[in-house]
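**Q** There's a structure below that I have some questions on.
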Amino acid sequence: MSATTRQYLDNFWELLDDILNAVLFALVGLEIVAVHLDWQYAVAGLLAIPIVLAARLISVAVPGATFHVVGLLPFQRNVLAALTWGGLARWDIDRAGVVTARFAGA
């Protein structure tokens, strides 16, 4: 595959990703309008955020530390942060293994 073809293919999939994300957020917005919001649900949702992040941290750190100790996979601290917060931003890992984040609007 030529470099030009690869670039067009990457651009296509990135555009498709952005379109599907826009549709998803539009549907979520419509669902929020249709559902009656109660304060108990809002408090439960706010309490769920740190619980989910802690669960993600544990689910990544335990196998990562195990692989690191056994010697199967070197596990670096920035990878732990990227995998824990990965659902909140679009993470890019280049060929050298450098992790960068692109937040919404970036």
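**Q** Can you check how the C-alpha radius of gyration of region 15-54 compares to 2.2 N^0.38 Å, as a plain ratio?
**A** 1.52
**Q** Something else about it: With each label point set 7 Å from Cα along the Cα-Cβ vector, what nm distance links VAL33 and ASN78?
**A** 4.2
**Q** So what's the gap between the Cα centers of region 51-85 and region 9-30, to the nearest angstrom?
**A** Taking the Cα centre of each part, region 51-85 and region 9-30 sit 29 Å apart.
None of the figures in this text is laboratory data; all of them are computed from the coordinates on show. What you are looking at is a predicted structure, and each value in this text was computed from that prediction instead of being measured. No Cβ is skipped: glycine too gets one built from the backbone with ideal geometry, and neighbour counts run over all protein chains shown.
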